[in-house]
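> Could you have a look at this structure, given as structure tokens, before my questions?
The values are calculated or read from the model by the stated rules, or taken from the named source; none is laboratory data. If you're wondering where the values come from, they're calculated on a predicted model, not measured in any experiment. So basically every Cβ, Gly included, is an ideal-geometry build from the backbone, and we count neighbours across all protein chains shown. Note: accessible area is taken over every heavy atom of the protein model, side chains too, but ligands, DNA and RNA are not part of it. Shrake-Rupley method; radii C 1.70, N 1.55, O 1.52, S 1.80 Å.
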Amino acid sequence: NYRVVATREAEQQAELARKPEIVASVPYFESDIFDLAGLLRLGDQIWVEVRRDPSYLDDPVLADYLNRLWWPLVDAAVRRGEISDDMRQLFPWQAFLIRDRSINAFALPGGYVGVHLGLIAGTASRDELVSVLAHELFQEGTSIRTGVPRNLFPLHIGQRETLLIGGGIGITPLL
């Protein structure tokens, strides 16, 4: 069994090492996006529509608050190499407000991030809002550093039953 696992792991590593030919495949548009400029064009098209929508909110005070949280995240990601110099220069990295009471935020292609007013009102601290913005920062084309998986929940010999639930990045045992 070890050989099967090792072989599959080697195949997956080789697959990850190959450079993708397509940056993003967008089912609602007529063609795939082959480069960062294509992501920006798509994002710009959507951005024009967003600004026409009545739910778009142009509030200088709230926009200033949002940007004081947003830009340090963008700058930190650039310093760590998680956003390439090309992406930093090409994308506008625009955070904007949506007049909606739901607790939500969303990323658009090309570095645009929409934040619902309900999210701002519903977070108990700036840190909570920053964590959502950080999540939205990482999108198609963004490199994310990962480390070697660690077993934070080792199984114990002699344990009668263990239920393993897989989700997200890892598997968590429930004993």
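> Among the residues of segment 119-147, what is the count of those that are at pLDDT 85 or above and either hydrophobic (A, V, I, L, M, F, W, C) or open to solvent by 60 Å² or more (accessible area, probe 1.4 Å) (or both)?
Residues that pass the stated criteria total 15.
> Additional query: ALA37: in a helix (DSSP H, G or I) and at pLDDT below 85, yes or no?
yes
> Sticking with this structure for a sec: Residues that are open to solvent by less than 50 Å² (accessible area, probe 1.4 Å) and in a helix (DSSP H, G or I): does segment 83-104 have at least one?
The answer is yes; a qualifying residue exists.
> Collect the residues in segment 105-118 that are out of contact with any Ser or Thr (no Cβ under 8 Å at 6 or more places or on another chain) and either surrounded by 17 or more Cβ atoms within 10 Å (Cβ to Cβ) or more than 20 Å from ARG51 (Cβ to Cβ) (or both), keeping them in residue-number order.
The answer is ALA105, ALA107, LEU108, PRO109, GLY110, GLY111, TYR112, VAL113, GLY114, VAL115, LEU117.
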